[in-house]
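Notes follow once the structure below has been shown.
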Amino acid sequence: MKLDRLALGIITSTVLFTVSTFAVTNTVKEESLGLRNTSIYSEDKVTVDKTQYGSDAPGTSKKIERAFENAPPMIPHDVEGMLPITIDNNQCIMCHEPAVAQSMGAVPYPKSHLTNFRPETKLDKDGKIEKDGKIITNTSDIKVVEKPLETLAGARFNCSQCHAPQSMITEAPKNNFTPEFRGVGLNSKSNLIDNIEEGVK
């Protein structure tokens, strides 16, 4: 019994010594945390990259590959004078509407933008939620219902809520992410309309 306690004491001491030695020799300095490498206690000498968006005119810029499959593509051209986007004034669709996009050298917005995914929702006479004419007792019972439209869906008119211009910076954070695309060309086009039920049971 005494031998067991002695052995347990030795093991505990060894573990504590190892942990304390590791903690002392592997100290992380505050200056190495995050993206900045200057003191967090003084702003005197802190400078950041100036935000400078691409100035190429629409149709002349190099397209930016998607960060991952079905990621909203980034805007590679100047958007001066195009913002704000309103439901009555959307200059993006002048070039990105599928009927004219190819002739304009633009990426057409995908079929998912020409689809209404929103179920018609209301309360029935008993106060229960009704979606597309069906009483819903559990939101996990909801299935995606696609309603094709002739024009851009109202939920998609505000392009800049998902698509953004890119700032040209010199000190970009290191990024080790490598995207994997399941099909050819998916780094420059969307297949969301074909996979909209993915992950839904």
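The values are calculated or read from the model by the stated rules, or taken from the named source; none is laboratory data. Source: prediction; values computed, not measured. Glycine also receives a Cβ, built like all others from the backbone with ideal geometry; neighbour counts cover every protein chain displayed.
Being within 22 Å of residue 55 (Cβ to Cβ) and among the β-branched types (Val, Ile, Thr) is the filter here, so list the residues in the range 82-92 that pass it. Matches in the range 82-92: 85 only. Please determine, by comparing only the residues of the range 95-111 that are hydrophobic (A, V, I, L, M, F, W, C), under 22 Å from residue 65 (Cα atoms) and free of Cβ contacts under 8 Å to residues at least 12 places away in the same chain, which one is surrounded by the fewest Cβ atoms within 10 Å (Cβ to Cβ). Among those residues, the one meeting the criterion is 100.
For (1) more than 24 Å from the chain's Cα centre (by Cα); (2) farther than 30 Å from residue 182 by Cβ; (3) part of a strand (DSSP E or B), each residue gets a yes or a no:
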site	(1), (2), (3)
70	no, no, no
87	no, yes, no
90	no, yes, no
94	yes, yes, no
106	no, no, no
127	yes, yes, no
130	yes, yes, yes
160	no, no, no
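Just one of the listed residues (60, 38) is among the β-branched types (Val, Ile, Thr), modelled with pLDDT of 80 or more and surrounded by 10 or more Cβ atoms within 10 Å (Cβ to Cβ), and it is 60.
For the range 147-177, filtered to residues that are β-branched (Val, Ile, Thr) and modelled with pLDDT under 90, the residue that is farthest from residue 58 (Cα to Cα) is 170. In the range 41-51, of all residues being exposed (fewer than 10 other Cβ atoms within 10 Å of the Cβ) and either under 23 Å from the mean Cα position of the chain (by Cα) or not β-branched (Val, Ile, Thr) (or both), the one that is nearest to residue 165 (Cα to Cα) corresponds to 51.
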